[in-house]
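Chemist: Before I ask anything, let me first share the structure, which is written out below as structure tokens.
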Amino acid sequence: MTKRYLIVNADDFGYSYGINKGIIESHTKGIVTSTSVMVDSIAAHEAVNLIDYPDLSIGLHFVPSSSLSIEKELKRQVDKFVEILDAKPDHIDVHKRLNLTGEIEKVLREYSKAHKVPVRRLGCAKFIDSFYGPHAKGDLSVNQLKSAINEATDEYNEIMCHVGYSDDYLRKTSSYNDPREEELKSISDPSIKDYTQEQGLTLINWHSIKI
């Protein structure tokens, strides 16, 4: 029987201090094994503290720009990531699920190949995004999270989540604010680790994915 593995990635580290707090809590108390940093956001500098969590893989949450080419923007953000963490990203995912087509796909595939870095939705792991408010029709319960876990059918699987604590800044700047606390509550529910194991899944982070 083929072993199956599950990565649980918390997107948007750095977007706000409340999100950062929630992501760290979702790792220490819940099933989050990985996060991705928005290097240009107000709380991105706190990513340096993530080195205190050796079981958490840390990637780049790439945000394409309208002013620079994809290649130049990726290099700029990777350089800033290195400046903050003194290390290159363990993996890359793209903000707001932008379609990996055309120039974005080309540049990310080339970067992945050259640097041996996995990129979300480029064949490294089955991507599961059904535990996220708009895609879960607002249902962010433990049962919905279990349904997302049940979608893990390949050898390697990734569940995307957007946990965090909502605050005034987040409510002013993002339409996805208070539901992050619902995600956090479910991700950190004591029953979820056991459920993951019962489904025959082993929690891993991106360090286990070899390119």
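Chemist: Need the full-extension length gain, ASP40 to GLU181, defined as separation in residues times 0.36 nm minus the C-alpha distance. One decimal, nm.
Modeler: The span from ASP40 to GLU181 would gain 48.5 nm if fully extended.
Chemist: Could you work out the relative contact order of region 4-208? I mean the mean sequence separation of Cα pairs under 8 Å and 6+ apart, divided by the number of residues, in percent.
Modeler: 30
Chemist: How high is the FRET efficiency from SER141 to HIS95, r the C-beta distance, R0 25 Å, rounded to 0.05?
Modeler: On the way: r = 26 Å, r/R0 = 1.03.
Efficiency, rounded to the nearest 0.05: 0.45.
Chemist: Apply the Karplus parameterisation 6.51 cos²θ - 1.76 cosθ + 1.60, with θ equal to phi minus 60°, to every residue of region 139-148 and state each ³J(HN,Hα) to the nearest whole Hz, in sequence, with x for glycine and proline.
Modeler: Once rounded to whole Hz, the list reads 8, 10, 6, 4, 5, 5, 5, 4, 4, 5.
Chemist: Here is a follow-up. What nm value, rounded to one decimal, do you get for the distance between ILE211 and ALA87 when each label is placed 7 Å out toward the C-beta?
Modeler: 1.6
Chemist: I need the peptides 61-68, 143-150, 125-132, 19-26 ranked by packing, meaning the mean over residues of other C-beta atoms within 10 angstrom, with the highest value on top.
Modeler: 19-26, 125-132, 143-150, 61-68
Chemist: Find the centroid of the Cα atoms in region 117-184 and in region 8-40, then give the distance between the two in whole Å.
Modeler: Result: 11 Å between the Cα centres.
Chemist: Calculate, in nm to one decimal, what ILE51 and ASP79 gain on full extension: separation in residues at 0.36 nm each, minus their alpha carbon distance.
Modeler: Difference between extended and current length: 8.3 nm.
Chemist: Compute the Cα gyration tensor for region 106-182, then decide on rounded, prolate or oblate, letting a ≥ b ≥ c be the square roots of its eigenvalues: rounded whenever a/c is under 1.5, prolate when a/b is larger than b/c in the other cases, and oblate in all that remain. Don't skip to the end; give the middle numbers.
Modeler: Working: a/c = 3.23, a/b = 1.43, b/c = 2.26.
Taking the square roots of the gyration eigenvalues as a ≥ b ≥ c, region 106-182 is oblate.
Chemist: Could you tell me what a quarter of the Cα convex hull surface of region 4-208 works out to, in nm² with one decimal place? Please list the in-between numbers first.
Modeler: On the way: hull surface 42.0 nm².
That works out to 10.5 nm².
Bear in mind that the values in this text are calculations on the coordinates, not laboratory data. Just so you know, these numbers come straight off a predicted model, no measurement behind them. Every residue, glycine among them, receives a Cβ derived from its backbone with ideal geometry; neighbour counts consider all protein chains shown.
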